[in-house]
Amino acid sequence: MIPDWILSILEDGRNLFGLGGPEWDVHVKMTDKPGGNAAAGGWALVNSKYLDADIELSVDLDNNRTGRAAILHEVLHVALHETDDMVDDIIEQLDEDRQEYFHTAYTKAMERTIQRISRSMEQFIYMKKEVEDDSHETPE
Ligand SMILES: [Zn+2]
C-alpha cells in the first residue's frame with residue numbers, strides 16, 4: 001500500500017518531468033531496502049527502450065522536505081535515463097581501462113545534478129502549495 005501523499009508527489013514529479021502521459025509505465029513499491037540497501041531513500045530501475053520503470057521507495061520516508069525530495073529524485077532518474085543510456089553507449093566505445101573512470105565521473109555528476117534539482121523542485125512545488133492551501137483557509 002502506497003500512502004496518498006507519496007502517490008501525490010509521484011504524480012507531481014511525473015507531470016513536472018515529462019512522464020505524465022500514458023507512454024511510461026512506472027511501477028512503485030514500498031520496501032525497507034530500496035534496491036537492496038536499507039540506508040537508501042529510494043532506487044529506480046529504468047528501461048528507457050520499453051518506457052518502463054520500477055521505483056522502490058523506503059517505508060521510512062516522511063512527508064517532509066527530505067522525503068519529498070527523495071521521491072522526486074527517483075522520478076528524475078527515470079526522466080533522465082535516456083541520457084544515461086547514451087552515455088553508457090559512448091563509454092562502451094572507450095578503451096577498457098578508461099571505462100570505469102568515465103562511468104564513475106558521469107554517475108557522480110548525474111547524482112549531484114539530480115539531487116540539486118530534486119531539492120529545489122521540492123521547495124518550489126510544496127512551498128507554493130502551502131501558500132495556496134493557506135489562502136483557502138482564510139475567510140474572505
Ligand atoms: Zn540517485
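The values are calculated or read from the model by the stated rules, or taken from the named source; none is laboratory data. Computed from a predicted structure; not experimentally measured. Cβ atoms come from the backbone with ideal geometry, glycine included; neighbour counts cover every protein chain shown.
Which one is surrounded by the most Cβ atoms within 10 Å (Cβ to Cβ) among residues in segment 3-25 that are of a type in the set (A, V, I, L, M, F, W, C) and modelled with pLDDT of 95 or more? Spell out the reasoning first.
Just the residues of segment 3-25 that are of a type in the set (A, V, I, L, M, F, W, C), to begin with: 5-7, 9-10, 16-17, 19, 24.
Filter once more, keeping what is modelled with pLDDT of 95 or more: 5-7, 9-10.
On the way: 5: 14, 6: 17, 7: 12, 9: 24, 10: 20.
Ranking the candidates gives 9 first.
Name the residue, out of 35, 18, that is on the phi > 0 side of the Ramachandran plot and assigned to a loop (DSSP other than H, G, I, E, B).
Numbers: 35 fails: assigned to a loop (DSSP other than H, G, I, E, B).
Going through 35, 18 in turn, just one is on the phi > 0 side of the Ramachandran plot and assigned to a loop (DSSP other than H, G, I, E, B): 18.
So in segment 69-84, with the set limited to residues that are surrounded by 14 or more Cβ atoms within 10 Å (Cβ to Cβ) and more than 10 Å from the chain's Cα centre (by Cα), which one is nearest to residue 24 (Cα to Cα)? Reasoning before the result, please.
First, the residues of segment 69-84 that are surrounded by 14 or more Cβ atoms within 10 Å (Cβ to Cβ): 69-81, 84.
So of that shortlist, the ones also more than 10 Å from the chain's Cα centre (by Cα) come out as 81, 84.
Working: 81: 12, 84: 17 Å.
Per the stated criteria, the residue is 81.
Mind telling me which of the residues 128, 108 ends up being more than 11 Å from the ligand (Cβ to nearest atom) and among the basic types (Lys, Arg)?
On the way: 108 fails: more than 11 Å from the ligand (Cβ to nearest atom).
Selected residue: 128, the only one of 128, 108 that is more than 11 Å from the ligand (Cβ to nearest atom) and among the basic types (Lys, Arg).
Go through segment 42-55 and give me each residue that's part of a strand (DSSP E or B), among the hydrophobic types (A, V, I, L, M, F, W, C) and either buried (at least 19 other Cβ atoms within 10 Å of the Cβ) or more than 14 Å from the ligand (Cβ to nearest atom) (or both).
Our first condition is that a residue be part of a strand (DSSP E or B); within segment 42-55, this holds for 42-47, 52-55.
The next check asks that each one be among the hydrophobic types (A, V, I, L, M, F, W, C); those that pass are 43-46, 53, 55.
Across segment 42-55, the qualifying residues are 43, 44, 46, 53, 55.
Among (1) in a helix (DSSP H, G or I); (2) within 26 Å of residue 31 (Cβ to Cβ); (3) touching a residue at least 12 places away in the same chain (Cβ under 8 Å), where does residue 91 come up short?
(2)
With respect to the numbered conditions (1) among the polar types (S, T, N, Q); (2) within 15 Å of the ligand (Cβ to nearest atom); (3) surrounded by fewer than 16 Cβ atoms within 10 Å (Cβ to Cβ), which one is the sole condition not fulfilled by residue 58?
Here residue 58 meets the rest and fails (3).
Taking the conditions exactly as written (without any contact (Cβ under 8 Å) to a residue 40 or more places away in the chain, aliphatic (A, V, I, L, M) and surrounded by fewer than 16 Cβ atoms within 10 Å (Cβ to Cβ)), does residue 110 satisfy them or not?
Numbers: without any contact (Cβ under 8 Å) to a residue 40 or more places away in the chain: yes; aliphatic (A, V, I, L, M): yes; surrounded by fewer than 16 Cβ atoms within 10 Å (Cβ to Cβ): no.
Judged against the criteria, residue 110 is not a match.
Just to be sure before I move on: is residue 137 over 23 Å from residue 22 (Cβ atoms) and at pLDDT below 95 in the structure I sent? Break it down into steps so the answer makes sense when it comes.
Working: over 23 Å from residue 22 (Cβ atoms): yes; at pLDDT below 95: yes.
It is true that residue 137 is over 23 Å from residue 22 (Cβ atoms) and at pLDDT below 95.
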